[in-house]
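Report on the following structure.
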Amino acid sequence: MAWVVGVDEAGYGPNLGPFVMTSVACRVPDDLAGADLWHVLRAAVRRPEDAADGRLPVGDSKALYSRAAGLVALETTVLAALTPDDGPLPLQRYLDPLCPSARAALGGEPWYHGSTALPVEAAPDVMPAARARLARTLRDAGVTWGQARSVIVCAGRFNALADAAGSKGAVLGHALAELVRHNWGLDGEEESLSFFVDKHGGRNTYAALLQDAVPEGMVVAHQEGMARSVYSVCGVKRPVRWTFQPRADAEHFCVALASMVSKYLRELLMGEFNAFWRKHVPDLKPTAGYPSDAKRFYEAIRPLLPGLGLGEDAVWRRR
């Protein structure tokens with residue numbers, strides 16, 4: 001058996017709201033280690049561009065979510081694929097296994113309450129059949145999920161990490177290191193562990209970042225360039241390999257699902273963020289937090305910060 005881990009993020013570019021990075025791991029028979037899992041699991045999943053036919057769409061979150069289309073497609077797949085619960089699920093209970101550090105990361109955020117009931121938009125009655133269909137398909141293929149894991153970085157922590165390193169790339173490194181350490185202990189200590197990571201901006205070199213993340217062994221670079229950066233680690237029992245590439249979510253199923261989980265979680269958190277500030281400024285139009293709109297929103301809430309005991313760094317991401 002072999003482990004395949006996909007990693008992707010949402011919310012790196014905005015000035016408002018949290019950054020989220022997620023890993024999704026699956027355990028596959030050795031002969032499927034390099035297989036196209038969309039094809040292997042085609043009885044239950046499809047790519048977003050394929051015709052809707054009852055299967056779960058899995059792909060780049062940008063292809064499945066827009067403000068106009070809403071959360072339905074994203075939410076249906078994420079909840080059906082990665083949660084065992086069919087009933088109403090409070091956001092905090094969804095977060096507890098997905099992001100054990102969420103309570104600490106979000107505990108100081110006045111806008112977060114964690115009581116948003118899931119699903120928000122998807123029809124609950126479609127979940128049991130979709131979940132059962134996927135479970136049968138996974139079982140027939142000999143594929144099992146590992147524990148999906150997310151890291152949440154809110155504005156204050158984001159600013160502190162970026163300032164200490166002189167670059168907001170430090171936030172990516174911080175989150176990736178946590179996810180690497182989490183997946184390091186996956187079952188089967190001699191089974192191969194392959195990470196596929198959506199490439200971070202224009203960065204091509206990751207060896208130092210990975211060396212800080214691994215608890216043992218020495219990271220070796222095999223390729224570093226715009227198209228792909230590839231690394232392994234020496235001195236450990238299991239073969240470990242990382243591949244960073246642009247648009248990894250189009251080629252690797254687990255990266256696509258990680259993209260979806262990250263985007264879904266960020267949208268849920270932005271829902272609570274917007275609701276909080278709109279209670280204080282009732283006519284305020286919601287924001288997604290991106291630079292084209294964030295300044296408008298921030299100028300409207302900025303006068304409220306002192307009264308709420310908040311510094312600007314706790315709300316506005318400077319980089």
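Data table
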item	result
Burial order of peptide ranges 70-81, 49-60 (average beta-carbon count within 10 Å, highest first)	70-81, 49-60
Within the accessible area of the chain (1.4 Å probe), percent carbon and sulfur	54
Most to least packed among 148-158, 206-216, 250-260 [average Cβ atoms within 10 Å]	250-260, 148-158, 206-216
Amide hydrogen neighbours beyond the local backbone of LEU118, cut-off 5 Å, H modeled	LEU89, LEU91
Theoretical ellipticity at 222 nm over the chain - DSSP helices of four or more residues, -39500 (n - 2.57) apiece, nearest 500	-11500 deg cm²/dmol
Percent antiparallel among DSSP beta bridges (both partners in the range 193-319, rounded to 5)	60
Charge dipole of the chain about the Cα centre (unit charges at C-beta), most positive-ward option of TRP184, ALA123, GLY309	GLY309
For the chain: rounded, prolate or oblate by the Cα gyration tensor [a/c cutoff 1.5]	oblate
The chain: relative contact order in percent, alpha carbon pairs under 8 Å with at least 6 residues between	30
Paramagnetic reach from ASP140 in the range 1-41 [backbone N under 14 Å; point 7 Å along Cα→Cβ]	39-41
13 Å Cα-Cα reach of LYS199 towards aspartates and glutamates, excluding residues that sit fewer than 8 places from it in its own chain	ASP8, GLU9, GLU224, ASP249, GLU251
Projected label distance in nm at ARG67 and LEU89, using a 7 Å step from Cα toward the beta-carbon	2.7
Summed residue charge, Cβ within 15 Å of PRO100's Cβ, Lys/Arg positive, Asp/Glu negative	+2
Average accessible surface area per residue within the range 1-152, 1.4 Å rolling probe, Å²	41
Listed residue pairs exceeding 28 Å between alpha carbons, taken from LYS237/LYS263; LYS62/LYS295; LYS62/LYS285; LYS263/LYS295; LYS263/LYS285	LYS237/LYS263
Computed lengthening from ARG278 to ARG296, 0.36 nm per intervening residue step minus Cα-Cα distance	5.1 nm
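The values are calculated or read from the model by the stated rules, or taken from the named source; none is laboratory data. Nothing here was measured: the structure is a model prediction, and the numbers come from that model. Please note: Cβ atoms are built from the backbone with ideal geometry, for glycine as well, and neighbour counts cover all protein chains shown. Areas reflect the complete protein model, heavy atoms only, side chains present, ligands, DNA and RNA absent. Shrake-Rupley method; radii C 1.70, N 1.55, O 1.52, S 1.80 Å.
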